[in-house]
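Shown next, in structure tokens, is the structure this report addresses.
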Amino acid sequence: MVVPGSQHIEDKMYHPPEGLQKDAHVPDFNCYLELYKKSIEEPDVFWKEVASDFYWKKPPTGQILQYNFDVTKGNIYVKCMEGATTNMCYNVLDRNVKDKNLGERVAFYWEGNSPDHHEAITYGQLLGQVCRCSNTLKQMGVRKGDRVAIYLPMIPELVYTMLACTRIGAVHSIVFAGFSAESLCERIMDSQCSILVTADGVYRGEKLINLKQIADEALEKCREKCLARLQTLLPDPYQTSPIKNQIKSRLSIPQQNLLHSRRQTPWDAACDVCWEEVMGQVSEQCEPEWLDAEDPLFILYTSGSTGKPKGVLHTVAGYLLYTSLTFKYVFDHQPDDVYWCTADIGWITGHSYITYGPLANGATSVLFEGIPVHPHVGRFWEVIEKYRVTKFYTAPTAIRLLMKYGLDPVQKYDLSSLRILGTVGEPINPEAWHWYHEVIGQKRCPVVDTFWQTETPRSGLLLQVFRRPWPGIMRTVYGNQERFESTYFKKFPGFYVTGDGCRRDKDGYYWIAGRIDDMINVSGHLLSTAEVEASLTDHGAVAEAAVVSRPHAVKGECLYCFVTLKDCREFNRTLVDELKRQVREKIGPIATPDFIQNAPGLPKTRSGKIMRRVLRQIARNEKDLGDLSTMADPKVVEVLFNHRCETA
Ligand code: WTA
């Protein structure tokens, strides 16, 4: 295990308890090695076996995996199950309900923000709701290949909508409901979504978030941008296409749990459609659209080191095979499990390991709308006891947050149902690992640490670069193949580069050390420093900004910002608050800077490049700055140390 910021390594081995191993899908290391070897040496045989669990309207015509990873040999591409036709929604729902007779099995225990709100949804009920939503979307004009923006909290309707898209061949683009109007607008525009699905609002803990209002603002921004674009494109009368893709209708979900009513929600009868009204009027039957294996399944935006978020595109067959297989093996899924992944579906972890992977396995999961500390800091443990959760998957940042409250909130609840624990999102530090293992897992639950990315739903291999693809690897950056190739494949021709550094120890284990590019991992969410810098320099007082990471006890890393002000602007508390608010509004609350420091000058190379390494050291108060010979004006360093922020 690597502690962030140090080289301390723990050597002790922890083995899973024998009882658990006995009945596992992969009971021991030799069995794992065999599987692993087969997947590498005979990938076609390996994936064909996985595919045989699912329904294919037409079988594949060629090799299961075809690819080119070498930019010097032409376009980069990956194809899985070429020639086959299938449907994701059919495989995760109809197949379970009709072929496996699991209609009565609970798919989701929905647990609301308040413990008083909960609901069990069976596979049969889920299928019915998804079909209704599919018919509704069709009625609203959504067709195969259209993009649908989804801006919803963790409510069952989020799952209904995403699966409805996959049923009719539409491409969902889910935007985490904590993002700002600006971020939502940017994402809608980039993938030219034709419909937006949102809800009135949501309570996150005590806080009410008016989603519909934010969504309206986002659409107003889209309209302005389209008009501006249109004006720059004139006078060519044929170049009017951007405006055509503008969202004309939005489907909105009234949230009964909210104290305010529809009358208080902004409503425009010309384009707003009420979920409750339309869902009741359509049929519960909907024939799935049979899609090509490589048809797009969804787009999910991830921060890019150059600023603009990248629309990571995934396709149908590969994503189905990959998420179903990794879910089954990594969590050793068994029919009597109650599984809970605490992520939000707005992130890739939720896409893969709340919706697709678990449903493809006929699993029973908890779908949690709330936060870990509401109405009390023992909420996670209470939910585990309530549903007798057996497999629990969360992030190091949540573990570090809950550790702070000590043992009392944990000991109030019965956690004896737990069998396997998982973590994802960032490297886990030994202290958090031990607490998770001892206090939550009571030393009997193995902890599976799962490294992966939005681009690569799960990679069992902890390597920084990959020589070959696997079915669940991203296919392109939506609308920008060039960016896809230059980001992931140009550095080392023939390899996919993850952007993470890693080390191999003497036993052959790989230790992921963190990002090597200009990305910061805050509470398991990747943020681009360039994007934060851009929103800081957007402020009238700021001439230049540089953002670096600083270790944070709970979040893992946090944002430390250096701002150089324009002449005659004064650096004070009010400005700092304004800047923080600006970043929040532009990107969203997760990007709120912890520190903003006045930087009369920035350390730069003679060629004018900001020396981020030096800024990182200043942020961390590390005095030994090493070689500064390339710096244009070394005097700025002392000034910056004098202006350092000690506390947030
Ligand atoms: C980091 C989240 C260490 C890594 C699933 C990766 C991790 C980035 C781990 C992807 C882990 C994720 N150990 N680092 N178990 N899991 N990361 O796209 O830097 O939001 O490249 O996907 O998170 O973040 P993303």
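Looking at region 594-616, which of its residues are more than 13 Å from ALA546 (Cβ to Cβ) and under 33 Å from the mean Cα position of the chain (by Cα)?
ASP594
Filtering region 29-47 down to residues that are touching a Leu at 6+ places or on another chain (Cβ under 9 Å) and hydrophobic (A, V, I, L, M, F, W, C), which residue is farthest from LEU65 (Cα to Cα)?
PHE46
Pull up region 635-645, narrow it to residues that are open to solvent by 70 Å² or more (accessible area, probe 1.4 Å) and out of contact with any strand residue (DSSP E or B) (no Cβ under 9 Å at 6 or more places or on another chain), then point me to the one that is farthest from VAL614 (Cα to Cα).
So the residue we want is ASN642.
For the subset of region 420-432 comprising residues that are open to solvent by 30 Å² or more (accessible area, probe 1.4 Å) and within 13 Å of the ligand (Cβ to nearest atom), which member is modelled with the highest pLDDT?
Residue satisfying both the conditions and the ranking: GLY425.
Within region 139-146, is even one residue among the acidic types (Asp, Glu) and over 30 Å from LYS386 (Cβ atoms)?
Yes, region 139-146 contains at least one residue that is among the acidic types (Asp, Glu) and over 30 Å from LYS386 (Cβ atoms).
Return the only residue of ASP99, ASP11 being acidic (Asp, Glu) and modelled with pLDDT under 95.
The unique qualifying residue is ASP11.
Report the residue count in region 22-41 for those that are outside any helix (DSSP H, G or I) and either open to solvent by 80 Å² or more (accessible area, probe 1.4 Å) or within 19 Å of PRO471 (Cα to Cα) (or both).
Result for region 22-41: 1.
If you check LEU625, LEU615, LEU575, LEU579, which single one turns out to be part of a helix (DSSP H, G or I) and over 30 Å from THR302 (Cβ atoms)?
LEU575
So for region 360-373 (the condition being in a helix (DSSP H, G or I), within 16 Å of the ligand (Cβ to nearest atom) and either farther than 22 Å from ASP116 by Cα or not charged (D, E, K, R) (or both)), does at least one residue qualify?
So far as region 360-373 goes, no, none of its residues is in a helix (DSSP H, G or I), within 16 Å of the ligand (Cβ to nearest atom) and either farther than 22 Å from ASP116 by Cα or not charged (D, E, K, R) (or both).
The conditions are (1) farther than 21 Å from LEU526 by Cβ; (2) open to solvent by less than 10 Å² (accessible area, probe 1.4 Å), and ALA619 fails exactly one of them. Which is it?
(1)
Here is a yes/no grid of residues against (1) crowded, with 22+ Cβ neighbours inside 10 Å; (2) at negative phi; (3) of a type in the set (Ser, Thr, Tyr); (4) at pLDDT below 95:
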{"position": "LEU320", "(1), (2), (3), (4)": "yes, yes, no, no"}
{"position": "THR326", "(1), (2), (3), (4)": "no, yes, yes, no"}
{"position": "ILE345", "(1), (2), (3), (4)": "yes, yes, no, no"}
{"position": "TYR353", "(1), (2), (3), (4)": "yes, yes, yes, no"}
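Mind checking which residues of region 35-63 are under 27 Å from the mean Cα position of the chain (by Cα) and of a type in the set (A, V, I, L, M, F, W, C)?
Those that are under 27 Å from the mean Cα position of the chain (by Cα) and of a type in the set (A, V, I, L, M, F, W, C): TRP47, VAL50, ALA51, PHE54.
Can you tell me which residues in region 175-233 are in contact with a Cys (Cβ under 6 Å, 6 or more places away or on another chain) and either open to solvent by 60 Å² or more (accessible area, probe 1.4 Å) or not aliphatic (A, V, I, L, M) (or both)?
The answer is CYS185, LYS221, CYS222.
Is it the case that some residue within region 562-575 is touching a Cys at 6+ places or on another chain (Cβ under 9 Å) and surrounded by 14 or more Cβ atoms within 10 Å (Cβ to Cβ)?
No, region 562-575 has no match at all.
In this structure, is GLU82 among the charged types (D, E, K, R), in a strand (DSSP E or B) and open to solvent by less than 90 Å² (accessible area, probe 1.4 Å)?
Judged against the criteria, GLU82 is not a match.
Out of curiosity, is ASP94 open to solvent by 20 Å² or more (accessible area, probe 1.4 Å) and either assigned to a loop (DSSP other than H, G, I, E, B) or closer than 24 Å to HIS351 by Cβ (or both)?
So ASP94 fails the test.
Output the number of residues of region 433-455 satisfying the condition of being open to solvent by 40 Å² or more (accessible area, probe 1.4 Å), away from the ligand (no atom under 12 Å from the Cβ) and either touching a residue at least 60 places away in the same chain (Cβ under 8 Å) or touching a helix residue (DSSP H, G or I) at 6+ places or on another chain (Cβ under 9 Å) (or both).
2
Considering GLY540, GLY626, GLY608, GLY601, which residue is of a type outside the set (S, T, N, Q) and closer than 29 Å to ALA215 by Cα?
After applying the criteria, what remains is GLY540.
Is it true that some residue in region 401-419 is within 16 Å of the ligand (Cβ to nearest atom), aliphatic (A, V, I, L, M) and either touching a strand residue (DSSP E or B) at 6+ places or on another chain (Cβ under 8 Å) or open to solvent by less than 10 Å² (accessible area, probe 1.4 Å) (or both)?
no
Restricting to region 264-297, name every residue that is among the β-branched types (Val, Ile, Thr) and part of a strand (DSSP E or B).
Within region 264-297, VAL273 is the sole residue that qualifies.
Which residues, counting only those in region 510-526, are near the ligand (Cβ under 10 Å from one of its atoms) and in contact (Cβ under 8 Å) with a residue 60 or more places away in the chain?
Correct list: TRP511, ILE512, ALA513, GLY514, ASP517, MET519, ASN521, GLY524, HIS525, LEU526.
Within region 314-353, can you find the residues that are part of a strand (DSSP E or B), more than 14 Å from the ligand (Cβ to nearest atom) and of a type outside the set (Phe, Trp, Tyr)?
THR315, VAL338
To keep it simple, each residue is scored yes or no on (1) in contact (Cβ under 8 Å) with a residue 60 or more places away in the chain; (2) assigned to a strand (DSSP E or B); (3) open to solvent by 20 Å² or more (accessible area, probe 1.4 Å); (4) within 15 Å of the ligand (Cβ to nearest atom).
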{"site": "ILE473", "(1), (2), (3), (4)": "yes, no, no, yes"}
{"site": "LYS490", "(1), (2), (3), (4)": "yes, no, yes, no"}
{"site": "GLY501", "(1), (2), (3), (4)": "no, yes, no, yes"}
{"site": "GLY508", "(1), (2), (3), (4)": "no, no, yes, no"}
{"site": "GLU544", "(1), (2), (3), (4)": "no, yes, yes, no"}
{"site": "SER549", "(1), (2), (3), (4)": "yes, yes, no, yes"}
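Before we move on, is ILE590 touching an Asp or Glu at 6+ places or on another chain (Cβ under 7 Å) and within 16 Å of the ligand (Cβ to nearest atom)?
no
The values are calculated or read from the model by the stated rules, or taken from the named source; none is laboratory data. Since the structure is predicted, the reported quantities are computational estimates derived from the model, not experimental observations. Cβ coordinates were reconstructed from backbone atoms using ideal geometry, including for glycine residues, and neighbour counts include every protein chain displayed. With ligands, DNA and RNA removed, areas are computed over all heavy atoms of the protein, side chains included. Shrake-Rupley method; radii C 1.70, N 1.55, O 1.52, S 1.80 Å.
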